[in-house]
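Since every read-out is calculated from the coordinates, none of them should be taken as a lab result. These numbers come from a predicted model, not from an experiment. Cβ sites come from the backbone with ideal geometry, for glycine too, and all protein chains shown count toward neighbours.
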Amino acid sequence: MSYAPETLRALKRDASQIMARYPSPRSALLPMLHLTQSIDGYVSPDAIAFCAETLDLTASEVSAVATFYSQFKRQPNGQYTLGVCITSLCGLMGGDAIYERLSEYLGVGNDQTTDDGLFTLEKIECNAACDYAPVMMVNWEFFDNQTPTSAVEVVEALRAGRPCRPTRGPDQVPTFKEVSRTLAGFDDGLANQGPSAGAPSVVGKDLAAAQGGTSVVADAAGSAPAPGAADKEADK
Amino acid sequence: MTALMPLLTSRWGNPESWTLKAYEATGGYEALAAALKMEPAAIIDTVKDSGLRGRGGAGFPTGVKWSFLPPPDGGPRYLVVNADESEPGTCKDIPLMMADPHSLLEGVIITSFAIGCHHAFIYLRGEVVHVYRRLLNAVREAKQAGLLGNNIKGSGFDLEVTVHTGAGAYICGEETALLDSLEGRRGQPRLKPPFPAVAGLYARPTVVNNVESIASVPWIVKNGADWWKSIGTEKSTGVAIYSLSGHVERPGQYEAPLGITMRELLELAGGVRQGHQLKFWMPGGSSTPMFTPEQLDVPLDYDSVAAAGSMLGTRALQCFDETVCVVRAVSRWMDFYAHESCGKCTPCREGTFWLRSVLRRIEAGGGRPEDMQILQDIPKSIVGRAFCPLGDGAPSALTSSLKFFPEEYARHIELGACPFDHAASYLFEAVTL
């Protein structure tokens, strides 16, 4: 391992905090791999050695796990992962065009990083935001309802160091290394930033309220409403 | 007309809805207070009696699942929440945890109390970092308020909750693969039996439930099984979140009693994209057979959708209008399954690979007449022969599309090209290109 002594000390301290969350230390492996990515920007040979030594595993056992999961990178990642959803729905609704445009604009293909080390372009699979299609994830923060133009604008803002706010996320997109540390379970203090929900998430709720219907938490404490009572009657 | 009924979605969008303060101001943790005064077995009976069925896809009765745990033997037993929401089209658990993480946490505490668990886990997919922040924050707030930790609210009950992030693998939504992943291994499914109830996490008795199922528990405990049963249909009780996406005017989350129809939901969503007609739709995610406008009046409950030849799944209603090439959509889903197949079993690993290859060549114009037969044959070697449901579900869209749109495949092969203008399906003006 070629980690500097102070880096190693910090890694060990963090790793023991992670292990303390579980009844069995091996459960710490995935968060620990996220943690090492916050140092190296990918799962480096040092990271494999560190995880193996800490958890009393072999290097091949750790590698077998690291190579199974798509968020663990085998080459140094860019500062920002641009993940364009190309699964059927997002892809057909325009994700394909967004990916093509970004690929052309950045001059890189899938899973490749720009020469300046800023951006890694990635085709991603469904990220559970289909009602916001087409979706782009920047370092796993939501950029909803994208177009090829808006996606390029995000890239331009990040490149110029201008403010860049996800649709549903913190006020500013963190870097890949910062997000990797968060994913290892270390508080970054950003939970209270950003909205509660985007418009599609509340479309049904708002419609029900507009229809003067059965919105429940309005009468708080959920004294149970008689749900769709009229319908039940009609059914009889 | 079935009316919408926002319960689990009712706090979404409220100011700072994710905080303990906002949650408690809207009745939050009242169900927990009631539950802690009940006998644990009585909570299990209430949930069993409510008829609540799993909201993660399979629809297994939640309370029955809990009752499968063997009697306490003095060792640990675990609750693991499946928050790995990854089935294409499914997008309900992520907004729930972002907007209202305490509702999940309250369900976790009640369920843990009921089944005798003292360390619960929430396995969240790793690609949603802001949701992770909100969950960690909720756990921290709950701990500070004495809702987690030792002697919760003076009840003598102790509970620790760990929120764990995955790292990108659809297969981890399968419960035994999830458990392996949570143990720090490759996420590959286990042979069943033994089922998790007997030998789950760390080979101990374990309940694995979906986010929406667990978040429904406080509502049931607070208002009673009879109330829950009065909503929905006889065998599909209660409310559920329906997620509309794709070519509809107002995509989003619509919470309604089980049994609402797609025709009703489409009307609420402002209909199909203006100037277009519905071509096909997926009722329960990409692993469920597709429907066409013919099935618009099928009640969207577990049994009616099954009787109509598909599955309710996760109520991930993806809508595609006439501009969409069904071969392209199916080909893209097959890319997904081939990418996400864990490789453990041959039928799934090889079958999805070959289906992907054949579908891609048809879509790209290189299809051969014999491909039609190949597309019929390969699924027969996967379905029922795969190690886990990923394989079983992988060819669903393909097989159903061959039933509804055989001529579209034939046309690609005849023409040696895709006859569709793909840009016509985009949700933005092609001009912005």
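Counting only alpha carbon atoms, the long axis of helix B:326-340 and the longest principal axis of chain B meet at about 50°. Taking the longest Cα principal axis of chain B as reference, the axis of helix B:371-382 is set at about 20 degrees. Near A:VAL138, the amide H atoms lying under 5 Å from its own belong to A:GLY83, A:PHE143; only residues 5 or more places off or on other chains count, and H is placed 1.01 Å from N.
Within a 10 angstrom radius of the beta carbon, how do B:GLU175, B:GLU16 rank from fewest other beta carbons to most?
In increasing order of surrounding Cβ atoms, one gets B:GLU16, B:GLU175.
What the Cα atoms of region B:257-380 give is an Rg and a Dmax of 16.2, 47 Å.
Applying a threshold of 20 Å to the alpha-carbon distances of B:LYS192/B:LYS344; B:LYS37/B:LYS153; B:LYS21/B:LYS229 flags B:LYS21/B:LYS229 as lying beyond it.
Database remark: amide H of B:MET5 closer than 5 angstrom to the amide H of B:GLU255, B:ALA256 (H placed geometrically; neighbours at sequence offset of 5 or more, or on other chains; Pro and chain starts carry no H).
Scaled to the globular estimate 2.2 N^0.38 Å, the Cα spread of the protein assembly as shown, given as radius of gyration, is 0.91. Taking the DSSP bridge list for the protein assembly as shown and keeping only pairs wholly inside it, about 50 percent are antiparallel. Considering only B:GLY238, B:GLY416, B:GLY187, the mean-square fluctuation computed in a Gaussian network model of chain B, springs between alpha carbons under 10 angstrom, is largest for B:GLY416. The mean count of C-beta atoms from other chains within 10 Å of the C-beta of residues in B:219-226, rounded to a whole number, is 2.
What list do you get for B:ARG263, B:ARG315, B:ARG133 if you sort them by fewest beta carbons within 10 Å? Numbers along the way, then the final one.
Working: B:ARG263 13, B:ARG315 28, B:ARG133 24.
Fewest to most other Cβ atoms nearby, the residues stand as B:ARG263, B:ARG133, B:ARG315.
Sequence-ordered 3J(HN,Hα) estimates for region A:93-102 from the Karplus curve with 6.51, -1.76 and 1.60 and θ = phi - 60° stand at 6, x, x, 4, 5, 5, 4, 4, 5, 5 Hz, glycine and proline given as x.
Rounded to the nearest whole angstrom, the semi-axes of the ellipsoid equivalent to chain A, taken from the Cα gyration tensor as √(5λ), stand at 38, 26, 16, largest first. For region A:107-123, backbone phi angles converted through the Karplus equation (6.51, -1.76, 1.60; θ = phi - 60°) give residue-by-residue couplings of x, 10, x, 4, 6, 10, 10, 5, 4, 7, x, 7, 10, 10, 8, 9, 7 Hz, Gly and Pro being listed as x. Counting neighbouring Cβ atoms within 10 Å and putting the fewest first, the residues B:LEU178, B:LEU296, B:LEU265 line up as B:LEU296, B:LEU265, B:LEU178.
The 3J(HN,Hα) values that the Karplus relation (6.51, -1.76, 1.60; θ = phi - 60°) gives for region B:41-49 are, in residue order, 5, 5, 5, 4, 4, 4, 5, 4, 5 Hz. Gly and Pro appear as x. Around the amide H of B:THR90, modelled in the peptide plane, lies no amide H under 5 Å away from a residue 5 or more places distant or on another chain. Computed from Cα atoms, the angle from the helix A:5-19 axis to the main principal axis of chain A rounds to 40 degrees. Principal axis extents of the C-alpha atoms in region B:13-163 (largest first, rounded to whole Å): 39, 36, 27.
Taking 1.002 mPa s as the viscosity and 20 °C as the temperature, the Stokes-Einstein diffusion coefficient of region A:80-175 based on its alpha-carbon Kirkwood radius rounds to 166 µm²/s. Projecting label points 7 angstrom from Cα along Cα→Cβ for B:ILE374 and A:GLN193 puts them 5.0 nm apart. For chain A, averaging the sequence separation of C-alpha pairs within contact (under 8 Å, six or more residues apart) and dividing by the residue count gives a relative contact order of 17 percent.
The ellipsoid that matches the Cα gyration tensor of region A:5-66 has semi-axes, each √(5λ) in whole angstrom, of 15, 15, 10, with the longest given first. For chain B, the calculated P(r), taken from all Cα-Cα distances in 10 Å bins from zero up to the bin holding the longest distance, is 4, 21, 30, 25, 13, 5, 1, 0 percent.
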